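Single-structure report; data block below.
None of the figures in this text is laboratory data; all of them are computed from the coordinates on show. Bear in mind that the values here come from a model prediction, so they are computed numbers and not experimental data. Ideal geometry is used to build each Cβ from the backbone, glycine not excepted, and the neighbour counts take in all protein chains shown.
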Amino acid sequence: MSTCPFIDLASQQARIGDEIQASIARVLSHGQYIFGPEVSEFEEALGDFVGAGHVVSCANGTDALTLILMAETIGPGDLVFVPAFTFVATAEAVAQLGATPVFVDVDERSFNICPASLRAAIDEAREKGLGRPAAIVAVDLFGQPADYRALRMIADDVGLCLIGDAAQSLGGALDNRRVGTLADYTSTSFFPAKPLGCYGDGGAVLTDDGEKAELLRSLRMHGKGAHKYDTARVGLNSRLDTIQAAILIQKLAIFSDELDRRQDVAARYNKRLDGLCKTPEIKDGAYSSWALYTVRSTERDRIAADLGDSKIPTAIYYPKPLHRMGGYDHFPVVSSGVPVAERLCETVLSLPMHPYLDGDTQERIADAVCKSVASAKADEMGHVVDGLR
Ligand SMILES: *Cc1c(COP(=O)(O)O)cnc(C)c1O
């Protein structure tokens, strides 16, 4: 039995490898490795795809968040509300700028920031005088957009900037609006394993605000002023390489088809795994980019071990909530705590997910899950019988 890949970049390369090679070769021949024509070509193509007014590419998804926070002059004394259940980069960008991440609980069904917990955290932070509430970073975890309808109301009500961390959700949508148009700013990542990945690091900020887009373009280039060696502000060196842009142009051309395939893969999993574990729930009006397919089970560790024995890779995103991580354990947590985030860390398991996952392989994966769950049940029954003896 062969090992199936968790994310299959080889199949994608077999499909468009020639186009990618040709695209890279064009960069080698013109030699404009930094800000070559492919960079703005890709930015425009992505803007068209998403329906966002402006796309400002940068070096990675973490920098995209940092650039947004810099554009909003967020720093020491400012509070940024973030979910406790996400990849660390969401809070890292906040902490790097000297601002304070405030950890908020998530919704059990969507895994995304819980509006009620957010509201409580904001009210509390004000009462306690923890700092100036400045922004919310909503994360579209595993590909499903956060509850932007509710978040927009809270942000407007309190006067906070609404930022979407769409590192995992590019291609997703809510109420027929693509991710990238749902918040004041959206950050995304082109890390190879993300739905739209390049062959290295890359990222972008999407916004409809033209002035902010200009500011972001300055910030990503050392705070560039009127000309190359004029500086208007303290910035970063954070650019998307031309070669990566050339690769992304080719990948974007098949992205829509890949998103369709991911829907099919998720639907097949849902059908086969229903009743064996808690399958992911997508809210009404939401369209997931299915960066990851994540189930919940109290037998998570056992299933992971059994699948591993059958050469099926799995992953735990994420084993620890952020407020329990080194470097982040001193930041404030909403006083009602983050019990859902804690519980999810104990029960989530991500299965192989990519556009090229075929039905037969999924059958094999589902069979392995089924067998593992059945043996867990049998053991449990054994304990009951032992107890009765
Ligand atoms: C991957 C990821 C990031 C960071 O992206 P990089 O390009 O690796 O810096 C940020 N937030 C979330 C939720 C992510 O999954």
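Ile154: net charge of surrounding residues, Cβ under 11 Å, Lys/Arg +1, Asp/Glu -1, itself excluded? Before the final figure, lay out each step's value.
Numbers: positive: Arg119, Arg149, Arg152; negative: Asp123, Asp147, Asp156, Asp157.
Spelling it out: positives minus negatives among the neighbours equals -1.
In degrees, nearest 10, range 0 to 90: what is the angle between the Cα axis of helix 210-219 and the longest Cα principal axis of the chain?
The answer is roughly 90 degrees.
Asp274 to His30: FRET efficiency via 1/(1 + (r/R0)^6), r the Cβ-Cβ distance, R0 30 Å, to the nearest 0.05? Please list the in-between numbers first.
On the way: r = 52 Å, r/R0 = 1.74.
Approximately 0.05, to the nearest 0.05.
Report Rg(Cα)/(2.2 N^0.38 Å) for the range 109-240, keeping two decimals.
Values: Rg = 16.6 Å, N = 132, 2.2 N^0.38 = 14.1 Å.
Against the compact-globule rule of thumb, the ratio is 1.18.
Any idea how many Lys pairs in the chain come in under 23 angstrom at the alpha carbon, given 8 or more places apart or on separate chains?
Total qualifying Lys-Lys pairs in the chain comes to 16.
Stokes-Einstein at 20 °C, 1.002 mPa s, Kirkwood radius from Cα pairs: D for the range 14-53 in µm² s⁻¹? If you can, show how the numbers build up before the last one.
Working: Rh = 11.4 Å.
For these conditions, the coefficient is 188 µm²/s.
Taking 8 Å as the Cα distance limit and 6 or more residues as the minimum spacing, I'd like the relative contact order of the range 67-162 as a percentage.
Relative contact order here is 29 percent.
Quick check on the exposure proxy: order Lys194, Lys320, Lys228 from fewest to most C-beta atoms within 10 angstrom.
Lys228, Lys320, Lys194
Explain nothing, just compute: Karplus ³J(HN,Hα) = 6.51 cos²θ - 1.76 cosθ + 1.60, θ = phi - 60°, for every residue of the range 107-121 in order, whole Hz, x for Gly and Pro.
7, 4, 8, 9, 6, 9, 3, 8, x, 5, 5, 4, 4, 4, 5
For the range 328-389, treating each Cα as an identical point scatterer without solvent, what Debye log10 I(q)/I(0) comes out at q = 0.24, 0.25 1/Å?
For the range 328-389 at q = 0.24, 0.25 Å⁻¹, log10 I(q)/I(0) is -1.03, -1.07.
If one puts a single equal scatterer on every Cα of the range 200-344 and applies the Debye formula without solvent, what log₁₀ I(q)/I(0) results at q = 0.09, 0.20 Å⁻¹?
Taking Cα atoms of the range 200-344 as identical point scatterers yields -0.54, -1.23.
Over all Cα pairs of the range 1-99, how is the pair count split among 10 Å bins, expressed in % and running from 0 up to the last occupied bin?
P(r) over the range 1-99, rounded to whole percents: 12, 25, 32, 22, 8, 0.
Just the ratio, please: alpha-carbon radius of gyration of the range 58-172 over 2.2 N^0.38 Å, N its number of residues.
0.97
Relative to the first principal axis of the alpha-carbon coordinates of the chain, what is the inclination of helix 9-30, with its axis defined by its Cα atoms, in degrees from 0 to 90 and to the nearest 10?
Result, in degrees: 10.
Please list, in chain and number order, the residues 5+ apart from Val333 or on another chain whose amide H is under 5 Å from its amide H, with Hs placed from the backbone.
Phe103
Please express the shape of the range 269-389 as an equivalent ellipsoid: the semi-axes are the square roots of 5 times the eigenvalues of the C-alpha gyration tensor, given largest first in whole angstrom. Write down the numbers at each step before the final one.
On the way: eigenvalues 146, 105, 39 Å².
They are 27, 23, 14 Å, listed largest first.
So what's the Cα pair-distance distribution over the chain, bin width 10 Å, in %?
5, 23, 30, 25, 13, 4, 1, 0, 0
What percent does the relative contact order of the chain come to when contacts are Cα pairs within less than 8 Å and at least six residues apart?
Answer for the chain is 22 percent.
Rounded to whole Å and ordered largest first, report the semi-axes of the equivalent ellipsoid of the range 192-245 derived from its Cα gyration tensor (root of 5λ).
Each semi-axis is the square root of five times an eigenvalue, giving 24, 14, 8 Å.
With a 10 Å radius around each residue's Cβ, average the other Cβ atoms per peptide and rank 107-120, 214-227, highest first.
Peptide ranking by packing, descending: 107-120, 214-227.
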